[in-house]
Amino acid sequence: MSLLPRVSGRGVVATVAAVAAVVAGGAAGGAGGVMTQSAQAPAAVQQTALQQKLDSLLNDSRYDGSQVALVVRDATTGETLYDRNGGQRMLPASNTKLFSSTAAMHVLGPSYRFHTDVLATAPVRGGQLVGDLYLKGYGDPTALESDYAALAKQLKAAGVRRVYGNLIADDTYFDHVRLGDSWAWDDEPFYYNAQISALTLAPDTDYDSGTAIVESRPGATVGAPVQLALVPANGVLQLVNTATTGAAGSSNTLSIERDHGTNVVRATGSVPLGASVGEEWVTVWEPELYAADVFRRALAAEGISVSGRIKNAATPAGATRLARDESMTVGELMTPFLKLSNNMHAETLVKAMGAVAEAEGSWPAGLGVTTDYAKSVGVDTSRIRLSDGSGLSRKVNVTADAITDLLIGVQKETWWQQWYDALPIAGNPQRFVGGTLRSRMANTPAANNLHGKTGSLTGVTSLSGYVTNKDGRKLAFAMISNNYLISPRSIEDAVGVTLASWSDQAPPAAVSTLRTAQSACELEWDKAC
């Protein structure tokens, strides 16, 4: 429903809002239910042209039997310009990352760096280390094969040539709870649902930690096995390949998935003759062992042999550090994190906040810190629930009111501009600029204007952020849709374009919300996007 401005810009709504509800409700049809004015009700309040336009967009049959919340506020004054169901708790999907990312910038700080250490308890004498070598992670979600290679080079420079002991993978900086609360079992093989570990590895510069890439190529002849390769090469994942090469022009039916609870990856189906190289990201069971395996290979490449096995254990107190690798800063991490909506970054940051602020690298500790930060900038945290940092959890409940309170409150922070720049930008085709919004609202007043965070789950879409209207007025908005059967994402885009094209001096221009077939980018975690 459309409401009058809140008292003091947030929190308490003027009692005359009920009058506006009568006006909005009369047109609400499929979106907000039907309200009738009683004989005792006060006279209706005139809606603004913007409120009327937004009401018309939300009165769409796609919302029959489902829910939508939309709040629009002046980003400077906090004045509420539109409010439909702003206090209703909703499932926000990746809009949850607005809470985890801002808390991380405050609690860890934009200059914070993760690190990975190599340690030993025995001295290095004559190039020999008689004892175990420890690889200890402190949560770096951006560690690449090249970083482990750099650690191996440092070890060689320190004079190490042979290790008479085991290579110990130590991920005890975080707890051993690998997957988030209520994460779906059938998402487990896919890169957006990787296990969270303090010692991990990403296969590429999207920094999809806890995953590896399976490259696929057709065989030389029809019927030949599909050729598979792991990136990075490792001995942890076991490829079981029954996929074959089909005739040129035939359908590509290749499927690559990891079996639950194991590191067995099965390739089935067919790849047409002459097809280009394919890539599929798969998650790894116990990613700390994966990181240690890649590190051991890097040691071998530097001529450093390890006689023992790879094991899990904690590094003893008093161990001597032999090498260290540091990550990019948290401020820099915001770009791949938010542009590509990286779930694993969100969860790593949550556990890191728990480890730094509460000496406990767990979801409960980190989410407590996240909630405390949201409260400090004006969010009524008694009305929301955060169950993870990414929004994969089906237990997260937030309100559009809470999101706009957060968006307005964080603008005072010294790091806000860096965080704002890291949000996806509508209609900008560059992958690390437009991010998950790069194919949306192109060639409209919202393009290269609207900075927002997307969200996607089955039956959930969300978009919240900032947009500047035609008069140069900066707006903060939050829109969440739940439990629909046909995606209302085009309505989100129409709302964004409406806000960008709105002027106080003229009514908003007409914006089409024509339904289109679901595109390859309908889900924000689709690598094709």
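Odds and ends about this structure:
- Filter result for E332 (surrounded by fewer than 22 Cβ atoms within 10 Å (Cβ to Cβ) and either of a type in the set (S, T, N, Q) or closer than 30 Å to D132 by Cβ (or both)): no
- Qualifying residue in segment 177-184 (condition: modelled with pLDDT under 95 and not in a loop (DSSP other than H, G, I, E, B)): no
- Taking segment 241-268 as the range and being part of a strand (DSSP E or B) and within 15 Å of V284 (Cα to Cα) as the test, the residues that pass are I256, E257, R258, V264, V265, R266.
- The condition of being of a type outside the set (G, A, S) and assigned to a helix (DSSP H, G or I) does not hold for V271.
- Identity of the residue in segment 165-207, farther than 24 Å from I310 by Cβ and among the polar types (S, T, N, Q), that ends up nearest to the chain's Cα centre (by Cα): N193
- Among the residues making up segment 61-78, a single one is of a type outside the set (S, T, Y), surrounded by 21 or more Cβ atoms within 10 Å (Cβ to Cβ) and over 27 Å from G409 (Cβ atoms): R62.
- 3 or more residues surrounded by 24 or more Cβ atoms within 10 Å (Cβ to Cβ): qualifying helices (runs of 4 or more DSSP H) within segment 372-478: 400-409
- Hits in segment 479-512 (condition: aliphatic (A, V, I, L, M), surrounded by 17 or more Cβ atoms within 10 Å (Cβ to Cβ) and at pLDDT 95 or above): M479, I480, I491, A494, V495, V497, L499, A500
- Single residue of R297, R321 found to be out of contact with any His (no Cβ under 9 Å at 6 or more places or on another chain) and either part of a helix (DSSP H, G or I) or surrounded by 20 or more Cβ atoms within 10 Å (Cβ to Cβ) (or both): R297
- Qualifying residue in segment 256-269 (condition: closer than 22 Å to L340 by Cβ, in contact with a Ser or Thr (Cβ under 7 Å, 6 or more places away or on another chain), touching a residue at least 60 places away in the same chain (Cβ under 8 Å) and surrounded by 19 or more Cβ atoms within 10 Å (Cβ to Cβ)): yes
- Considering residues of segment 124-163 that are in a helix (DSSP H, G or I) and among the hydroxyl-bearing types (S, T, Y) only, the residue surrounded by the most Cβ atoms within 10 Å (Cβ to Cβ): Y148
- Residue in segment 88-110 that is under 30 Å from T414 (Cβ atoms) and in a strand (DSSP E or B) present: no
- The listed residues are P189, P203, and the only one of them that is of a type outside the set (A, V, I, L, M, F, W, C), modelled with pLDDT of 95 or more and either buried (at least 23 other Cβ atoms within 10 Å of the Cβ) or within 13 Å of T283 (Cα to Cα) (or both) turns out to be P203.
- Filtered by the rule that a residue be of a type in the set (S, T, N, Q) and out of contact with any strand residue (DSSP E or B) (no Cβ under 9 Å at 6 or more places or on another chain), segment 89-127 gives S100, T102.
- P364 meets each of the listed conditions (1) farther than 17 Å from T142 by Cβ; (2) not in a helix (DSSP H, G or I) apart from (2).
- Total residues in segment 347-372, condition among the hydrophobic types (A, V, I, L, M, F, W, C), more than 19 Å from S209 (Cβ to Cβ) and more than 18 Å from the chain's Cα centre (by Cα): 4
The values are calculated or read from the model by the stated rules, or taken from the named source; none is laboratory data. Quick caveat: nothing in here was measured; it's all calculated off a predicted structure. No Cβ is skipped: glycine too gets one built from the backbone with ideal geometry, and neighbour counts run over all protein chains shown.
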